[in-house]
1. Scan A:74, A:106, A:44 and give me the residue that is assigned to a helix (DSSP H, G or I), of a type outside the set (Val, Ile, Thr) and touching a Gly at 6+ places or on another chain (Cβ under 9 Å).
2. Please determine whether any residue of the range B:196-217 is away from ligand 2 (no atom under 16 Å from the Cβ), among the polar types (S, T, N, Q), in the same structural domain as residue B:35 (by TED's automatic domain parsing) and out of contact with any Leu (no Cβ under 6 Å at 6 or more places or on another chain).
3. Scan the range A:233-292 for residues that are outside any helix (DSSP H, G or I), within 22 Å of the chain's Cα centre (by Cα) and of a type in the set (A, V, I, L, M) and jot them down.
4. Only one of (1) more than 16 Å from ligand 1 (Cβ to nearest atom); (2) in contact (Cβ under 8 Å) with a residue 40 or more places away in the chain fails for residue B:64. Which number is that?
5. I'd like to know if the range A:254-271 contains one or more residues that are modelled with pLDDT of 90 or more, surrounded by fewer than 22 Cβ atoms within 10 Å (Cβ to Cβ) and in contact with a Lys or Arg (Cβ under 9 Å, 6 or more places away or on another chain).
6. Which residues, counting only those in the range B:184-195, are surrounded by fewer than 18 Cβ atoms within 10 Å (Cβ to Cβ) and within 15 Å of ligand 2 (Cβ to nearest atom)?
7. Which one is nearest to the other protein chains (Cβ to nearest Cβ) among residues in the range A:182-204 that are touching a residue at least 40 places away in the same chain (Cβ under 8 Å) and assigned to a helix (DSSP H, G or I)?
8. Could you please let me know if residue B:37 is more than 16 Å from ligand 2 (Cβ to nearest atom) and surrounded by fewer than 23 Cβ atoms within 10 Å (Cβ to Cβ)?
Amino acid sequence: MTAITGDHPAERPTGTNGRRRRPTGVPGLRILTGGAARLWLVALLVGCWEIIARTKQDAYFPPPSTIVRVFHELWFSGPATHLFLTDKALDDFQPSFVNLFCGWALAAVVGLALGILLGRSSVAREILDPVLQFGRAVPPPTLIPFFIVVFDFGAQMQISTIAFGVIWPVLLNTADGVRTVEKLQLETAEVFGITGAARLFRITLPAAAPKIFAGLRVSLGFALILMVISELIGSTTGIGAHLISSQQGMELPEMWAGIVLLGILGCLFNAVFALVERRFLSWHSRARGLDS
Amino acid sequence: MLEVANLSHAYGDAPPVLSSIDLEVRPGELVSIVGPSGCGKSTLLRCIAGLQAPTAGQVRLDGKPVDRVPDNLAVVFQDYSRSLFPWMSVRDNVALPLRRRRKNRAQRQENAMKALESVGLPDAAAKYPWQLSGGMQQRVAIARALAYGPEFMIMDEPFGSVDAQTREDLEDLLLRVRGNSGMTILLVTHDIDESVYVGDRVVVLSKGPARVRADLWVGLPTARDQITTRELPEFVHLRAEVGRLVRGREAADEPKS
Ligand SMILES: Nc1ncnc2c1ncn2[C@@H]1O[C@H](COP(=O)(O)OP(=O)(O)O)[C@@H](O)[C@H]1O
Ligand SMILES: [Mg+2]
């Protein structure tokens, strides 16, 4: 069984001579300045779109200024006491976010636990491998009809869809990370009497953390997709339901505002995740930065 | 008391690496092991430490057969950089084994600092292993084993990456620690001078498969000094003898292969 990619091959920090330093400063800063440098292209594209949309007056492609206005009116024109969120924003965001994070967290916890088990036990691996390969191969949205039958429409069905769909990257990456901990690190732990829970939390999991985080990151991306899909089908609340209802009312600017919102959310989740990851894996990226 | 009896080992179907090794190490003794590279020194140490089950023979520590790593034994691995944990600071790496000694956090950190000072690295405590040079990492690995406070210490080429001056300091540190704590030490080295300088005995292994070729008693005074000990006629004589035993065999091997 192989790990989901999105991971850098585990590199060992050998601190011998001849290391090359990358001529870069703080990585966060680099991302920011790089982002700013690339932003002009986005501005240019949006500008072109604005001009073309205004001259063509096509109902399917409202100008960005209209989208932004609708975007603001729909969700962010509320009172300051509500952080400028409108009632509709609370109605749309809350169920979506709850489903997204419950599903993702469930997948993370179960995936981590099963992944550890699988990584530790070659017997479990051999027995479960065909099942896992099959489970991973089933496209998650195909299970929505099944979950609708079991749970009917609603949060339970949506959370189950998300959890089942995003568990695989966490599970397989954890199993791979746990299985491939350096033998010498485990032997060192054995020599110095680090066993059981101490070994799991101080040696195995930190060693596997780069792969685990890569899995969690991929899962988070999947979770957003599955959140929308599960809401497009027979849901009355959430961002996906907003998309459907604006489609049915032929309210194109509202629909576009929803699409933009989802794009922004995707970026936001990724950025927050990257911050958390940097906090936990600074040793890894810094060791690599000095070494490779 | 460490007893190695009739120890043989082969990796899988490969030709044997160790063949009927017999060795006894008395408490408080420091035994150097030398031999051509690839002859099986690390394998021997791993069998003795209980990390590797030998294909035949037995290792006994204080009369008990070694079938897993005994809890009064520390190992300094040859591959020191990979045996340090990159996600822990140097101080945490050194303090980690002290968890087993049932010390509280403050005591662990204090002992770790002492051990780091003894190897001359007090300033590296807050750094990470990968921020240090190879020689410094090696000293961290030594500090970790010293902090553990074992009765038996197994060291696989522990000074291979440090500079000459530091190497001498560490050799003297080892002799001091042994003098103070009565630790029993088994040390593999590829440096013949070093094997004689630190050792009470020098065991020379032959290659393919490894056998004990010679077991020499180092009759030098217990108090050793980097300058004066190394100019003693006994020292010069002994190092020549060990050198001949190691190289002689290597030279004799060559026409065969
Ligand atoms: N894990 C292993 N599996 C198979 N062969 C090994 C393994 N470790 C060492 N060997 C082989 O055993 C021989 C002795 O290795 P080693 O004990 O590391 O020698 P030394 O420490 O004296 O240099 C070498 O030929 C090496 O290739
Ligand atoms: Mg070796």
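1. Values: A:106 fails: touching a Gly at 6+ places or on another chain (Cβ under 9 Å); A:44 fails: touching a Gly at 6+ places or on another chain (Cβ under 9 Å).
Answer to the selection: A:74.
2. Looking through the range B:196-217, none of the residues is away from ligand 2 (no atom under 16 Å from the Cβ), among the polar types (S, T, N, Q), in the same structural domain as residue B:35 (by TED's automatic domain parsing) and out of contact with any Leu (no Cβ under 6 Å at 6 or more places or on another chain).
3. Start the filter on the range A:233-292 by keeping residues that are outside any helix (DSSP H, G or I), which leaves A:233-238, A:249-251, A:292.
Filter once more, keeping what is within 22 Å of the chain's Cα centre (by Cα): A:233, A:237-238.
If the condition is that a residue be outside any helix (DSSP H, G or I), within 22 Å of the chain's Cα centre (by Cα) and of a type in the set (A, V, I, L, M), then A:233 is the only one that fits.
4. (2)
5. Checked the range A:254-271: at least one residue is modelled with pLDDT of 90 or more, surrounded by fewer than 22 Cβ atoms within 10 Å (Cβ to Cβ) and in contact with a Lys or Arg (Cβ under 9 Å, 6 or more places away or on another chain).
6. Once the filter is applied, which keeps residues that are surrounded by fewer than 18 Cβ atoms within 10 Å (Cβ to Cβ) and within 15 Å of ligand 2 (Cβ to nearest atom), the range B:184-195 yields B:190, B:191.
7. Quick first cut of the range A:182-204, residues touching a residue at least 40 places away in the same chain (Cβ under 8 Å) only: A:182, A:200, A:204.
When the remaining residues are screened for being assigned to a helix (DSSP H, G or I), the result is A:200, A:204.
On the way: A:200: 14, A:204: 11 Å.
Per the criteria, the residue is A:204.
8. no
The values are calculated or read from the model by the stated rules, or taken from the named source; none is laboratory data. Every value quoted in this text rests on a predicted model; they were computed, and no experiment measured them. Positions of Cβ are backbone-derived with ideal geometry, glycine not excepted, and every protein chain shown enters the neighbour counts.
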